[in-house]
Amino acid sequence: MLGRMAASGEVPIEPEVTQLPIEDEGDRRARADRRHDMVPGRRGERLSIRKRRVLALLGDIGVIIVLVAAIIFAVNHERPIFAGQPSVAQSLAERVPLTKPILAPTPSPDTGRLASLLASPAFAADSANFAADLVRTGRMSQARADSIAYYAVREAYQRGIPPAVIFGVMLTENALFVSNALSNVGAVGLMQVYPKIWLKALGDKFGTDLASDSTNVKYGVYILAEYIKHTGAQVTPSEVQKGLLRYNGCVRGTNTPNCRTYPTKVKNYVERQAESLCGDKTFYQCIAKPFMDGLLGKSSVAH
């Protein structure tokens, strides 16, 4: 039907059929294989998807690396919000020993005379004894005690202060070992350092985070060394007493009630609780020998 029916008497006209050319076998063989045409298609799409997957995988790996680095930084520098507890890194290293090589802070290398002292059997013994006395108080983990002992004895050797004096001052100032303890006059940390007085003088040398155990110990030992001055070959009990009074801020005895008893408190803590450091020695016997031996003599080694 071409739009109308044939009228009667008319011969119907058949529609004209266009015949497509028949392709013989030779033409089909001669035609180029479509597989060689590098036009976008299903295979091109597969390559594109594979490329996107690779790029996404590389992106995920990069994010993982950044997160791991951030976690390592955080656990080494952040402390729990509750006071008197070891850092996250110390707690994690104590509970999961395999993490110690990654999380444990590496002490900065020392050179010269101090390096030889740190490599000595005496340093190893004093550090172990200091840590043992800290743990014996029942208020500190072994991991935190080891860290504090390392810095306390290291600074003791460098500044010429017997470790027993540092131990006694630490317990007198902060018997609970609260890292961020703040006194009513603004003193901070293990050894109750006054920021208003010492941050400006020592901040560039030791850092400004007085709530950090290691930083606070460095400040405290330095201040003790400045206050305990001795002119002879051996420190005298009088010189130690005067130095401890100055450390307590008891120069005239007007600011703190009964501040004159401070040296006695330090002495009592040492004689009662420094069992590993001093044994059966009295306070002055315990601190006199290091001065006499010259092991802890004033050092010119740079920090």
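Rule-based calculations on the coordinates, nothing more; no lab input. Keep in mind it's a predicted model, so treat the numbers as computed, not measured. Here the Cβ is made from the backbone with ideal geometry for all residues, glycine too, and neighbour counts use every protein chain on show.
For region 111-293, the residue among Ser276, Met170, Leu199 whose Cα projects farthest onto the positive side of the dipole built from Cβ charges is Leu199. Would you mind checking the pairs Lys196/Lys218; Lys229/Lys281; Lys242/Lys265 and listing those with alpha carbons more than 19 angstrom apart? Too far apart for the 19 Å limit: Lys229/Lys281.
Only one residue of Met140, Tyr227, Ala152 has its Cα farthest out toward the positive end of the dipole of region 113-248, where Lys and Arg carry +1 and Asp and Glu -1 on Cβ, and that residue is Tyr227.
Averaging the sequence gap over all C-alpha pairs within less than 8 Å and six or more residues apart, then dividing by the number of residues, gives region 111-293 a relative contact order of 22 percent.
Packing-based ranking of 211-221, 168-178, 115-125, 152-162 yields 152-162, 211-221, 168-178, 115-125, ordered from highest to lowest mean Cβ neighbour count within 10 Å. Computed extension gain for Asn268 through Ala175, at 0.36 nm per residue and net of the alpha carbon distance, reaches 32.2 nm.
Available extension along the chain between Arg113 and Leu57 is 15.0 nm, counting 0.36 nm per residue and deducting the alpha carbon span. Note that region 59-70 has calculated 3J(HN,Hα) couplings of x, 5, 4, x, 5, 4, 4, 5, 5, 4, 4, 5 Hz, one per residue in order, obtained from phi through the Karplus relation 6.51 cos²θ - 1.76 cosθ + 1.60 (θ = phi - 60°); glycine and proline are x. A simple rule links phi to the HN-Hα coupling: the Karplus curve 6.51 cos²θ - 1.76 cosθ + 1.60 with θ = phi - 60°, which for region 190-196 gives 4, 10, 6, 8, 8, x, 4 Hz, with x for Gly and Pro. For Val193, the residues whose modelled amide H falls within less than 5 Å of its own, excluding neighbours fewer than 5 places apart on the same chain, are Val188.
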